[in-house]
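K.L.:
Got a structure for you, questions after.
The values are calculated or read from the model by the stated rules, or taken from the named source; none is laboratory data. Model, not experiment: these values are computed from the prediction. Cβ coordinates were reconstructed from backbone atoms using ideal geometry, including for glycine residues, and neighbour counts include every protein chain displayed. The area values use the complete protein model at the heavy-atom level, side chains included, leaving out ligands, DNA and RNA. Shrake-Rupley method; radii C 1.70, N 1.55, O 1.52, S 1.80 Å.
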Amino acid sequence: MSQTTACPLDCYDACSIDVVDGRLKGSQDTYTQGCLCPHLNHYENYERIAVPRYEGKEITMDAALHLLKERCARVSDPSQILHYRGHGNFGLMQQATDHFFATYGATLTEGSLCDGAGEAGVLEGRGSNKLLPPEQIAKSEVVIVWGRNIHTTNSHLLPFLKGKTIIVIDPVKTKLAEKADFYLQIKPKGDLYLALLLSRFAILNGLTDEQFLNEYATEYEDFYELTQTVRIKAVLDRIDVTLGDIGKILDLIKGKRTVILAGVGIQKYRHGADVMHAIDSFGALLGLFGKEGCGVNFMGNSKEGVLSPFTTKNKSKPVTVGNVDFGRFEMAFVQGSNPLNQMPDTNRVRASIEKNPFVVYFGLYENETSAVADLIIPAKNFLEKDDIRSSYGHPGLLDMPKVVEGTVGISEYDLAAELCKAFDIDMDSALTYLDYFQAFGESRETDTIVKGREEIPYRNGFDTDDKEFCFLEEYESDTDQDGDLFLLTVKSAKSLNSQFKRDSRVYLNASHGFGEEEMVRISSDKGSIELAAAIDERLRDDCVLIYSGTAGVNVLTDSKLSYEGKNAAYQENKIKVEKC
Ligand SMILES: Nc1nc2c(c(=O)[nH]1)N[C@H]1C(S)=C(S)[C@@H](COP(=O)(O)OP(=O)(O)OC[C@H]3O[C@@H](n4cnc5c(=O)[nH]c(N)nc54)[C@H](O)[C@@H]3O)O[C@H]1N2
Ligand SMILES: Nc1nc2c(c(=O)[nH]1)N[C@H]1C(S)=C(S)[C@@H](COP(=O)(O)OP(=O)(O)OC[C@H]3O[C@@H](n4cnc5c(=O)[nH]c(N)nc54)[C@H](O)[C@@H]3O)O[C@H]1N2
Ligand code: SF4
Ligand SMILES: [Mo]
């Protein structure tokens, strides 16, 4: 017997899955093309939390829910309860708990650990962040992959890139960079200046689309003036790019249908919004919006066109997810997340979580956060509950029906419904919510997509007040030029952030003189960790790489947020590496 569901993970691909006799197989649809990735191929092998625990002792689910309700009731001011929800599961029904906590008056989070800065940059220029469908990428002639590691994070897009001219801009020589027609091993944080210089020379070399600019982006002359304030020689040296590199990129894209795929790598900095806005401004000069086979894509907004039936706002002012002080609250409910590994500045997070008198961890796996939680509630996995999801990589709206009768854990809906019942809060049936979400779908021949998504985004102008693109007008300049090393914390092929098989080493260029497996101490102004070295010739000699999910990586990072977008800025502070 075969049933179809979808991968629940925080991943561009949102694959369709056929469950055949209990085994997970990639559906043969045009996007998933019959294959899943290691996370899902080995999904059943990862040991789950089977039984709830309170203060280290196993308890029944009934007892756990009773404790949870009792504790909520005991907090006299509900805004003293923090609801901290991550993206361990991307199903829309995960928000069911927001409904309870928001209605009850608890404090929710805002901002992002992920793409908030880039998203803010996109919104400034376009007024919305519309997803560029893979079909348009397939119709392009040139693809610029800018701070995105497609083989690792978005592998199902690779077939759509076949036969195209590929340009990669990344401080790490990724797999795609190895095969690219042109690879620019830029210095980290150099992208804003690169975009400004590309724009300046695009204008000088006549690559702009006058008709498009006169209709949809008339302020381009002011932007040209901004690009002229950049001191060419000094800036090129600083970002380790030559005039020849700029010329080569412009030659490759001249007159070609071009797509820019920007990833989170470009915006893990405080000025991340400006970086993305500068890249978008370059795209607008070339007239890449609203045309077949063209576009600029930065993690599409997965919720574009999908509203939430759940109450998610209340009177309590939300706190920012990147620097929340858990210690300020009387209770913290952590769902689908591992803040003690994934939030920046782990030492600060640890101290603040330790101050919180009642931390609840609601998840699938043991991790740094479950290790310190007072109450642990296992969740059902995606195979064991009904859900539905959208994606930030394609326009699909994918049903995720229950395919297995689970024996452990509780679903987010059931947990929220229990709490709502206890506190006399209205909540509809799970089916009502699922129907509500399904109504945003539109069936096509072979799949269902979110209704109203544009096949060619921005065909009729932008979503700004005057329908025009707003160019970058000013930017925070990056003055950081000290001799310390850049820390790149990128995604690993074996883990999904901190889920599954985590990496444990620090990757360095051989020029630093460390041996393979030699223990080294990596320090920043936030703390230090010790890891075994791995020699990696894909890296520049001013960069050190530690994969996201590695234990301790965020001891090194700072919790200062991006200037716009309330985003964590994981790559802002520099590091030193020395022998242990
Ligand atoms: N296998 C796997 N897939 C995943 C995830 C995972 O953990 N594992 N995580 C998922 C999530 S949550 C997200 S947000 C997406 C993210 O997907 P991506 O955007 O692909 O994520 P990253 O690996 O963080 O960064 C991409 C690239 O940016 C480069 N980079 C770093 N700094 C700079 C810079 O200053 N300039 C430039 N030009 N490039 C830079 C890095 O070297 C890296 O190759 O992936 C999703 N998919
Ligand atoms: N240094 C560094 N830090 C980073 C990043 C980086 O690149 N570098 N990336 C950032 C990014 S892009 C992101 S998106 C965040 C991600 O940060 P988090 O959202 O905290 O992601 P994970 O660490 O993968 O934790 C997900 C948890 O969800 C739980 N889970 C899985 N499925 C379910 C379910 O169905 N129900 C419930 N209740 N729980 C479930 C699992 O137990 C798992 O522990 O991390 C950020 N942190
Ligand atoms: S993690 Fe991504 S690539 Fe892997 S199965 Fe899920 S959606 Fe597909
Ligand atoms: Mo993310």
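K.L.:
Please work out how much length the chain gains when fully extended from LYS501 to VAL230, using 0.36 nm per residue of separation minus the C-alpha to C-alpha distance, in nm with one decimal.
P.N.:
Details: separation 271, 0.36 × 271 = 97.56 nm, distance 4.40 nm.
Gain on stretching LYS501 to VAL230: 93.2 nm.
K.L.:
I've got another one for you. Rounded to the nearest 0.05, what FRET efficiency do ALA351 and GLU530 give with R0 = 25 Å and r taken as the Cβ-Cβ distance? Could you check?
P.N.:
On the way: r = 20 Å, r/R0 = 0.82.
With R0 = 25 Å, the Cβ-Cβ based efficiency is 0.75.
K.L.:
How many Å² of accessible area per residue for region 485-579, probe 1.4 Å?
P.N.:
Values: 3650 Å² over 95 residues.
That works out to 38 Å² per residue.
K.L.:
Based on DSSP H runs of at least 4 residues, each adding -39500 (n - 2.57), what is the mean residue ellipticity at 222 nm of the chain after dividing by all its residues, to the nearest 500 deg cm²/dmol? Write out the running numbers ahead of the final one.
P.N.:
Working: 19 runs with 158 residues, N = 580.
Taking each H run of at least 4 residues, the total per residue is -7500 deg cm²/dmol.
K.L.:
May I pose another question? Mind checking the per residue accessible area of region 116-297 for me, 1.4 Å probe, whole number of Å²? Intermediate results must be reported in sequence, preceding the final value.
P.N.:
Details: 6040 Å² over 182 residues.
With all protein chains present, region 116-297 gives 33 Å² per residue.
K.L.:
Still on this model: What does the charge dipole of region 408-535 about its Cα centre add up to, to the nearest 20 debye, if the Cβ of each Lys and Arg holds +1 and the Cβ of each Asp and Glu holds -1?
P.N.:
Details: 13 positive and 29 negative charges, 162 e Å.
That gives a dipole near 780 debye.
K.L.:
Report ³J(HN,Hα) in whole Hz for each residue of region 111-124, in order, from the Karplus equation J = 6.51 cos²θ - 1.76 cosθ + 1.60 where θ = phi - 60°; Gly and Pro get x.
P.N.:
Going residue by residue, I get x, 8, 9, 10, 10, x, 5, x, 4, 4, x, 5, 4, 4 Hz, with x marking Gly and Pro.
K.L.:
Can you give the charge dipole size of region 485-579 about its Cα centre, rounded to the nearest 20 debye, using +1 on the beta carbon of Lys and Arg and -1 on the beta carbon of Asp and Glu?
P.N.:
Working: 14 positive and 14 negative charges, 73 e Å.
Roughly 360 debye, rounded to the nearest 20.
K.L.:
Report, by chain and number, residues whose modeled amide H sits under 5 Å from the one on SER112, excluding near sequence neighbours (fewer than 5 apart, same chain).
P.N.:
Result for SER112 returns VAL321, GLY322, ASN567, ALA568.
K.L.:
Find how much the distance from GLU405 to ARG238 grows on full extension, using 0.36 nm per residue of separation minus their present alpha carbon separation; answer in nm with one decimal.
P.N.:
Values: separation 167, 0.36 × 167 = 60.12 nm, distance 5.78 nm.
Here the segment from GLU405 to ARG238 would lengthen by 54.3 nm.
K.L.:
How high is the relative contact order of the chain, given as a whole-number percent (alpha carbon pairs under 8 Å, six or more residues apart)?
P.N.:
Values: 1307 pairs, mean separation 127.6, N = 580.
Reported relative contact order: 22 percent.
K.L.:
Still on this structure, I have one more. Excluding TYR392 itself, calculate the net charge of residues whose Cβ lies under 11 Å from the Cβ of TYR392, where each Lys or Arg counts +1 and each Asp or Glu counts -1.
P.N.:
Numbers: positive: LYS303, ARG389; negative: ASP10, ASP13, ASP115, GLU119, GLU304.
Local net charge: -3.
K.L.:
Setting aside same-chain residues fewer than 8 positions from LYS467, which lysines have a Cα under 19 Å from its Cα?
P.N.:
LYS467 reaches LYS130, LYS291.
K.L.:
In addition: Take the alpha-carbon centre of region 178-220, take the same for region 134-148, and report the distance between them in whole Å.
P.N.:
Between the Cα centre of region 178-220 and that of region 134-148, the gap is 15 Å.
K.L.:
For THR32, enumerate residues with amide H under 5 Å from its amide H, sequence gap 5+ or separate chain, H modeled in the peptide plane.
P.N.:
Hits under the 5 Å cutoff: SER16.
K.L.:
Now for a different question. Just how far, in whole angstrom, is region 63-112 from region 7-53 if you go by their alpha carbon centroids?
P.N.:
What the calculation gives is 27 Å, centre to centre.
K.L.:
Which percent of the accessible area of the chain is formed by carbon and sulfur heavy atoms (probe 1.4 angstrom)?
P.N.:
Working: 10880 of 23120 Å².
Roughly 47 percent, rounded to a whole number.
K.L.:
Here's a follow-up. For a protection proxy built on the mean count of beta-carbon atoms within 10 angstrom, sort 105-112, 569-576, 190-197, 268-275 highest first, please.
P.N.:
Output ranking for 105-112, 569-576, 190-197, 268-275: 268-275, 190-197, 569-576, 105-112.
K.L.:
A further question follows. Non-local amide H neighbours of LEU531 (under 5 Å, H modeled in plane, Pro and chain starts lacking H): which ones?
P.N.:
VAL520, ILE522
K.L.:
With viscosity set to 1.567 mPa s and temperature to 4 °C, compute the Stokes-Einstein D of the chain, Rh being the Kirkwood radius across alpha carbon pairs; µm²/s, no decimals. Show your work: numbers first, answer last.
P.N.:
Details: Rh = 24.7 Å.
After rounding, the answer is 52 µm²/s.
K.L.:
Under a Cβ-Cβ cut-off of 14 Å, what is the net charge of the residues other than GLY527 that fall near it, where Lys and Arg count +1 and Asp and Glu count -1?
P.N.:
On the way: positive: ARG348, ARG350, ARG521, LYS526, LYS574, LYS576; negative: ASP345, ASP525, GLU530, ASP558.
Around GLY527, the surrounding residues sum to +2.
K.L.:
For LYS69 paired with THR446, estimate the spin-label separation in nm (one decimal), with each label point 7 Å from Cα along the Cα-to-Cβ line.
P.N.:
Rounded to a tenth, the inter-label distance reads 4.9 nm.
K.L.:
As an exercise, identify the GluC sites (Glu not before Pro) in region 442-473 lying in DSSP coil whose Cβ has no more than 15 other Cβ atoms within 10 Å. Before the final figure, lay out the partial values.
P.N.:
On the way: sites: GLU442, GLU445, GLU454, GLU455, GLU468, GLU473; in loops: GLU445, GLU454, GLU455, GLU468, GLU473.
Passing sites in region 442-473 are GLU445, GLU455, GLU473.
K.L.:
Determine which lysines satisfy two conditions relative to LYS69: a Cα distance under 26 Å, and not lying fewer than 8 residues away in the same chain.
P.N.:
LYS57, LYS313, LYS315, LYS317, LYS355, LYS380, LYS385, LYS421
K.L.:
Right, something else. In Å, what is the Rg of the alpha-carbon atoms in region 417-543, and how long is Dmax?
P.N.:
25.3, 64
K.L.:
Right, something else. Need the C-alpha centroid separation for region 481-510 versus region 228-242, integer Å.
P.N.:
28
K.L.:
Next up: Run the simple label-point estimate for THR432 and SER308 please: 7 Å along Cα→C-beta, distance reported in nm.
P.N.:
For THR432 paired with SER308, the spin-label model returns 1.8 nm.
K.L.:
Pop a pseudo-label 7 angstrom from the Cα along the beta-carbon direction at both VAL20 and GLN33 and give the gap in nm to one decimal.
P.N.:
1.9
K.L.:
Run the numbers for LYS317 and GLN211: contour at 0.36 nm per residue of separation, minus the present Cα-Cα distance, in nm. Walk me through the numbers before you get to the answer.
P.N.:
Details: separation 106, 0.36 × 106 = 38.16 nm, distance 4.53 nm.
The span from LYS317 to GLN211 would gain 33.6 nm if fully extended.
K.L.:
Answer with one residue from THR165, ALA278, GLY396: the one whose Cα lies farthest towards the positive end of the charge dipole of the chain, charges on Cβ with Lys, Arg +1 and Asp, Glu -1.
P.N.:
Result: THR165.
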